[in-house]
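Participant: Below is a structure I'd like to ask you about.
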Amino acid sequence: MKQTPSTSSAFEIAGVLVVVQASLSLVAGLSALPFAIVEPGFRVLGVATIATAIGMYWLARNLRRGRRWAWRWLVSLEVLSLMMTLVLLPIGAMRGPVPLLVNVALPTSVLVLLASASGDRPAQPGPGPADPA
């Protein structure tokens, strides 16, 4: 699969941003586990966040390998992340610049990079009639 330089660089940048996002999720999940001693709900949230981070690492790896299904899963995961953020914004759950950067700017930039890179892909040559010349 031959890609143009802009496509491969956009996929690599998107992969790096997904790894950064997964790292932040992993830190959030690990930091919730000590509070699970007192509140069992934090145990479930912490393990779910860690599982999501592991899945994002795996999707970023497969995106860099050029898997089309990883692109689809990442787009749906980032859209879901943005939708959940838009639900939480009006109730004031996120205050300050860091949650807005992590929960709004990072998924939006990954979506923009994935959308721009998907349009740059060259058409794959399919099997065609044999050329006698």
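The values are calculated or read from the model by the stated rules, or taken from the named source; none is laboratory data. Predicted model, so just to flag it, every value in this text is computed and none were measured. Cβ sites come from the backbone with ideal geometry, for glycine too, and all protein chains shown count toward neighbours.
Participant: Tell me yes or no: at least one residue of the stretch 49-57 is among the small types (G, A, S), surrounded by 14 or more Cβ atoms within 10 Å (Cβ to Cβ) and either within 20 Å of L113 (Cα to Cα) or modelled with pLDDT of 90 or more (or both).
Facilitator: Scanning the stretch 49-57, I find at least one residue that is among the small types (G, A, S), surrounded by 14 or more Cβ atoms within 10 Å (Cβ to Cβ) and either within 20 Å of L113 (Cα to Cα) or modelled with pLDDT of 90 or more (or both), so the answer is yes.
Participant: Also, I was wondering about something else. Residues that are surrounded by 15 or more Cβ atoms within 10 Å (Cβ to Cβ), of a type in the set (S, T, N, Q) and under 21 Å from S109 (Cα atoms): does the stretch 63-76 have at least one?
Facilitator: Scanning the stretch 63-76 turns up no residue that is surrounded by 15 or more Cβ atoms within 10 Å (Cβ to Cβ), of a type in the set (S, T, N, Q) and under 21 Å from S109 (Cα atoms).
Participant: Please go through the stretch 17-48 and pick out each residue that is buried (at least 17 other Cβ atoms within 10 Å of the Cβ) and among the small types (G, A, S).
Facilitator: Hits for the stretch 17-48 are A22, S25, G29, A32, G46.
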